[in-house]
1. Output needed for the stretch 134-284: three equivalent-ellipsoid semi-axes, defined as square roots of 5 times the C-alpha gyration tensor eigenvalues, in descending order, whole Å.
2. So, R0 is 22 Å and r is the distance between the beta-carbons of Ser430 and Lys348; what FRET efficiency does that work out to, to 0.05?
3. Kindly state, to the nearest 0.05, the FRET efficiency for Gln518 paired with Leu383, given R0 = 35 Å and r defined as their beta-carbon distance.
4. At 1.4 Å probe size, with every protein chain present, just tell me what the per residue accessible area of the chain comes to in Å².
5. Please pull out the direction-averaged projected area of the stretch 510-549, using the convex hull of its alpha-carbon atoms, in nm² to one decimal place.
6. As a quick test, which of the pairs Lys72/Lys134; Lys187/Lys207; Lys317/Lys364; Lys433/Lys483; Lys134/Lys203; Lys101/Lys134 have an alpha carbon distance above 22 angstrom in this structure?
7. If the chain between His200 and Arg71 were fully stretched, how many nm would it gain, using 0.36 nm times the residue separation less the Cα-Cα distance?
8. Testing the spin-label approximation: label points 7 Å from Cα along Cα→Cβ at Leu463 and His399. State their distance in nm.
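The values are calculated or read from the model by the stated rules, or taken from the named source; none is laboratory data. Model, not experiment: these values are computed from the prediction. Cβ placement follows ideal geometry from the backbone for every residue including glycine, while neighbour counts extend to all protein chains displayed. Areas reflect the complete protein model, heavy atoms only, side chains present, ligands, DNA and RNA absent. Shrake-Rupley method; radii C 1.70, N 1.55, O 1.52, S 1.80 Å.
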Amino acid sequence: VRSLAEREAAFRDLSNAHRHLLNNLQTVVMELDAAFNIIFINDAWKHIFGYSVDDSLNCPFKNFLTSNDGRKYRAIQGRFNSVLVGDKEACELELAVNDAKNKPRWVSLRVSRSVIANKASTLIICLDDVTKRKRAQQQLEYLAMHDSMTGLYNRHYFESTLERLSKDFKTGRGTHGLIFIDLDHFKVINDTHGHHWGDHLLKTVAKIISARIRDTDILCRFGGDEFTLILHNLELQKVVSIARGIQQAVSEYHYTIAKQPVRMDCSIGISIIDGSALNGEGYLMEADSALYVAKRRGRSNVHVYNPEDSESEELRKSVDWSRQVRQAIIDDRIVLHFQPIMDIAQRKVSYYEVLVRMTDMAGKLIFPGEFIQALENTGDMGLLDRWVIKRSIQMLQEHPHLHNLAINVSAQAFRDESLVPIIRESLLTSGIKASAITFELTESASLSNLQETQSVINELHQLGCSFAIDDFGSGFSSFAYLKQLPADYIKLDGSFICNLDTDKVDQALVRSIIEVVQTLGRKTVAEFVENEAILEFLADNGVDYAQGYYISRPKPVEELNVELIDKRA
């Protein structure tokens, strides 16, 4: 009897120790009977979820699920049954339960079967609160699909949705509208008033557009000041009506920035997802092409994609050229040629102008007239500018006999904040002196944003580089701005030079330009010098430098003649 009592006491002590351990776990342990009612539960249930253990016993597990997972209970019940009858050893799942304050909590369940002799099988459930992890996961998923500033869907979500809709149409589902929206002159507002106000404006536009669409439509911030909109199950006429309503709402909204009224307009391109394109990217290109046409026709327009639009074909060609140039850069098929610029007084080469060429897969040269305008149309000119700058400085390092180089840059490059840092880094890496580099920008590009051009020229001068205005004289209105541009060289437009030996009007115009440039203390360069008579005229009228086929055609660096060039011999 004493031995039995001792064993019973030891068993109680062990049982109490196990119960104490069980009740101090951070994991809820519960047992469900065959009807999935709770027949055992540890104290972690109360600590974590706030329910009384006694009140929870004999209650159906279903009672604690959120309404959403309650509706899905049949599927959950099926998984429980498969474990209970032994079809599966265990299962794991995540679902949402309500705590005692009726707030949803995410839990992870590990379900296994318990079999005791002469007793019905039960389920043992280990339940962990994973609410923090689930919310963090949901936040990451939200950020992956949404734009952090406006709260709209982002480009990644838009492209995946568009691709899905494109595939859905092939199975016979209805047509959808795709709208591409671009804010007109947003960059001017952003640059003038600052990025804070620019961001505020984008948020406001997002709200204006959101107010005019259905909950089922998909509005995305595609990037920068561009928005895309997918309208489900609508015909073209209705899509156009919605687009015009958006355009009108944006233009009629009264914006005030720093107590100043600001007008905002938008251009809109439309395509219809109707099975005509191969994939989602095809529909996006159609809408982008329509947007391009809308902007070309005066902005603040709504235009529906039409494959017969001449502007659409122009954009298609531009995009194709842009792709070819990008691939040529990757394949190292962009080459540089150098055209000597002669000091007229000394009749010797003073420096070389860098001219870019591209070779096709067969090695045939493609001249810049074929692809430069296309890059400017697509906004990809900056990519080529940066490559040419880096490569030119590298060539000067590898071929010291080049001495000095003049590098052409585009207006897009002058709007690129990374331009001067790239030049500085390339000069520092190569060891080339900044004074050996002159940058050329066309007259029209120089005047397109005079203040911006002045700022970049000053930065280039601080580095030690020189600056030249190319094609000067093509617009005489530029005389008024010439003294505001701190240019070192003025290149006379070739259209005035090529007939100097015979055209009296050109002679008079060139004399006038030379007089103004000399008065300002700038150096003059004449291009398109085709014969000795033109060269003599330039020499007699005090032009400093000349270039043209009479002096030398552009050549690869290996073919350059570095000897003294004397055309009088």
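1. On the way: eigenvalues 158, 78, 30 Å².
Over the Cα atoms of the stretch 134-284, the semi-axes work out to 28, 20, 12 Å.
2. For Ser430 and Lys348, the calculated efficiency is 0.30.
3. E(calc), rounded to 0.05, equals 0.40.
4. Numbers: 29710 Å² over 569 residues.
Ligands and nucleic acids excluded, the result is 52 Å² per residue.
5. Values: hull surface 9.9 nm².
Its Cα hull, projected and averaged over all orientations, spans 2.5 nm².
6. Values: Lys72/Lys134 19 Å; Lys187/Lys207 20 Å; Lys317/Lys364 19 Å; Lys433/Lys483 27 Å; Lys134/Lys203 29 Å; Lys101/Lys134 19 Å.
Those over the limit are Lys433/Lys483; Lys134/Lys203.
7. Stretched fully, the His200-Arg71 segment lengthens by 42.3 nm.
8. Going from the Leu463 label point to the His399 one covers 2.1 nm.
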